[in-house]
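Below is one structure, written out as structure tokens, with a few remarks after it.
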Amino acid sequence: MPKRQTPIWQYPSAAERTFMTRRMARMRAFLVRLRRSPEFQSGTNAAAVERTFLQLVASVTEASAADAFLTSASVIRFNQREGRKLAATLKRDLRLPGTELAELRLAWLSTTANDFSALLRSVRDETETAVAVGKVTTVTQALELRMKLFVSRAASQATDQITTLNGRLTRTLQGAMGVERFIWRTRGDAKVRLSHAANDGQTFSWAQPPILTGYPGEEFNCRCWPEPIGD
Ligand SMILES: [Zn+2]
């Protein structure tokens, strides 16, 4: 089966995806700087490295920073452009009540910030446990371990947060357009869950999602999407 393209009416090319990408890029750049710093290289000034690490995390988790980014002029223009593309493709008016969209975005922002803080706590705890049981021998090793865990999990979390948001937004948009039923679509590659592959091509009602899987795009890292069925 040929690999399917993501439909262009799908949401994830909007500002939130850009925000997550920039957040990851900022974090990686910061980690490179931290790793090159004399404190880190010497592996002795644990307190200084720890402080810098925590500053990094604060700078990428702060909800107000995310909010400022999402409401900046360039992002608003970006959203408008994406919105027009979406509308042209569907040839329908997809304008949602502003409050509904704002609520979705607000919920997403707070979940994103909370997930990120929880991730930091778990990575910190795991590193401390590793140090306590003698699995790592130096401060540098302990910090390297923490960074590696943090970056790889943050990246997978970012992807999941975007697909979940996309799933919810698509559901809201289709609901607002009066779409009652959809065809479950998958990417058609080897990474698709078996239970989702079983739904591929089947018609479901928005009022009654498939019991086993829930709505497309909402399970962890799910890349499936609902193709709307018109009248
Ligand atoms: Zn899926």
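Here, each number is a calculation from the coordinates, and none is a lab measurement. Keep in mind that this is a model prediction, so the values were computed, not measured. Note that each Cβ is placed from the backbone with ideal geometry, even for glycine, and that neighbours are counted across all protein chains shown.
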Tell me the label-point distance for the pair ARG35, ARG77, using the 7 Å Cα-to-Cβ offset, in nm and rounded to one decimal.
3.5 nm
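What ranking do 22-28, 168-174, 156-162 get when scored by the average of other Cβ atoms within 10 Å per residue, highest first?
Top of the packing list down: 168-174, 156-162, 22-28.
Grab the beta carbon distance between ILE229 and ASP189, set R0 = 30 Å, and tell me the FRET efficiency rounded to 0.05.
Using R0 = 30 Å, I get an efficiency of 0.80.
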Search the structure for amide H atoms under 5 Å from the amide H of ARG181, placed 1.01 Å from N in the peptide plane, and list their residues when 5 or more places away or on another chain.
TRP206, ILE229
Length gain on complete extension for the stretch ARG28 to ALA130, per 0.36 nm per residue less the alpha carbon to alpha carbon distance?
34.4 nm
Here the range 118-124 yields Karplus 3J(HN,Hα) values (6.51, -1.76, 1.60; θ = phi - 60°; whole Hz; Gly and Pro given as x) of 5, 4, 4, 4, 5, 5, 4
